[in-house]
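Below is one structure, written out as structure tokens; the observations come after it.
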Amino acid sequence: MHSDSIILRPAAERGRSRRDWLDSRHTFSFGEYQDPRYMGFGVLRVINDDRVAPGGGFAPHSHNDMDIISYVLDGALQHKDSLGTGSVIRPGEIQRMSAGTGITHSEYNASQQKPVHFLQIWIIPQQRGLPPSYEQRSFKPEDLNGRWLKLAAVENSGGLVTIHQDLVLMAARVLKETVTYQLPRGRRAWLHIASGSVSINGRPLNEGDGAALMGPATISASGAPQGEMLLFDLQ
């Protein structure tokens, strides 16, 4: 694959799970949706695009040996876990939960009137058996305008939250200007369009679309007309 080539993952081709309170789209295999072509992207295992109806949510369930990131796009998400943590996550906030040796948690729409739209991201950590932990940080939405904001990275690498893997997660909101990213040789990137429309190296992508690129590559994102995107830089 040439350095500037893009492999597209159209939103409409993702897996889907529907319940009376949930509409979830799966970029990679998850639950009953299994596709051997899309079992993840390196250590990036899950991107679930979830919409939860007012008052609905995921009852307590357990995880282990996974770093789980929740990123709310619209509405509010109530989180509770076996560490005693309870919080509400809103746009402008990012939460990381490391399941490690085992954790039980629940996630519910914090509103009885409005739906919540959020991304749940699973990253396989470098080490198994880590102590369970939790972290939530906020940022100003304008910090995304026309530039990359490092949401998550390994410890002491400048991410808002810490993950236990050689992966950098960034977000940007692309308006009229072009936002670029230099992907080094030996690295690869997965892009996910969280909302709106973004042109990646001249290729138009819409909400829910994904794209894979291999380094070395210059990733140029321009508004088409505008959109928010996540970029995962990993080996």
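The values are calculated or read from the model by the stated rules, or taken from the named source; none is laboratory data. Please read all numbers here as calculations on a predicted model, not as lab measurements. Reconstructed Cβ throughout: ideal geometry from the backbone, glycine too, with neighbour counts over all protein chains shown.
Screening segment 16-91 for strands (runs of 3 or more DSSP E) wholly inside it with 3 or more residues that are more than 26 Å from residue 129 (Cα to Cα) returns the ranges 22-26, 44-52, 67-74.
Listed here are the residues, each with its yes/no results for (1) among the acidic types (Asp, Glu); (2) part of a strand (DSSP E or B).
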| position | (1), (2) |
| --- | --- |
| 113 | no, no |
| 126 | no, no |
| 135 | yes, yes |
| 142 | yes, no |
| 147 | no, no |
| 151 | no, yes |
| 156 | no, no |
| 159 | no, no |
| 165 | no, no |
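Look at residue 152 and say whether it is of a type in the set (A, V, I, L, M) and either surrounded by fewer than 16 Cβ atoms within 10 Å (Cβ to Cβ) or over 21 Å from residue 229 (Cα atoms) (or both). Answer is no for this residue.
With the requirement that a residue be farther than 24 Å from residue 235 by Cα and crowded, with 16+ Cβ neighbours inside 10 Å, what does segment 200-222 give you?
The initial filter retains those residues of segment 200-222 that are farther than 24 Å from residue 235 by Cα, namely 202, 204, 206-207, 222.
Once the filter is applied, which keeps residues that are farther than 24 Å from residue 235 by Cα and crowded, with 16+ Cβ neighbours inside 10 Å, segment 200-222 yields 207, 222.
In segment 52-66, the residues that are closer than 11 Å to residue 82 by Cβ form Cβ pairs under 9 Å with partners that are of a type in the set (A, V, I, L, M) and not in a strand (DSSP E or B), at six or more places apart or across chains, as follows: 62/99; 63/99. Residues in segment 37-44: is at least one more than 23 Å from residue 213 (Cβ to Cβ), touching a His at 6+ places or on another chain (Cβ under 9 Å) and surrounded by 16 or more Cβ atoms within 10 Å (Cβ to Cβ)? No, the conditions are met nowhere in segment 37-44.
Answer yes or no as to whether residue 228 is within 24 Å of residue 92 (Cβ to Cβ), in a strand (DSSP E or B), under 14 Å from the mean Cα position of the chain (by Cα) and not hydroxyl-bearing (Ser, Thr, Tyr). Explain how you work it out, then say what you get.
Values: within 24 Å of residue 92 (Cβ to Cβ): yes; in a strand (DSSP E or B): yes; under 14 Å from the mean Cα position of the chain (by Cα): yes; not hydroxyl-bearing (Ser, Thr, Tyr): yes.
Yes.
Remark: pairs (first residue in segment 17-45, of a type in the set (D, E, K, R); second residue part of a loop (DSSP other than H, G, I, E, B) and at pLDDT 95 or above; Cβ separation under 7 Å; 6+ apart in sequence or on different chains) = 25/14; 25/208; 35/29; 45/28; 45/124. Restricting attention to segment 177-198, does a residue exist that is in a strand (DSSP E or B), at negative phi and touching a helix residue (DSSP H, G or I) at 6+ places or on another chain (Cβ under 7 Å)? Within segment 177-198 (the criterion being in a strand (DSSP E or B), at negative phi and touching a helix residue (DSSP H, G or I) at 6+ places or on another chain (Cβ under 7 Å)), the answer is no, since none of the residues qualifies.
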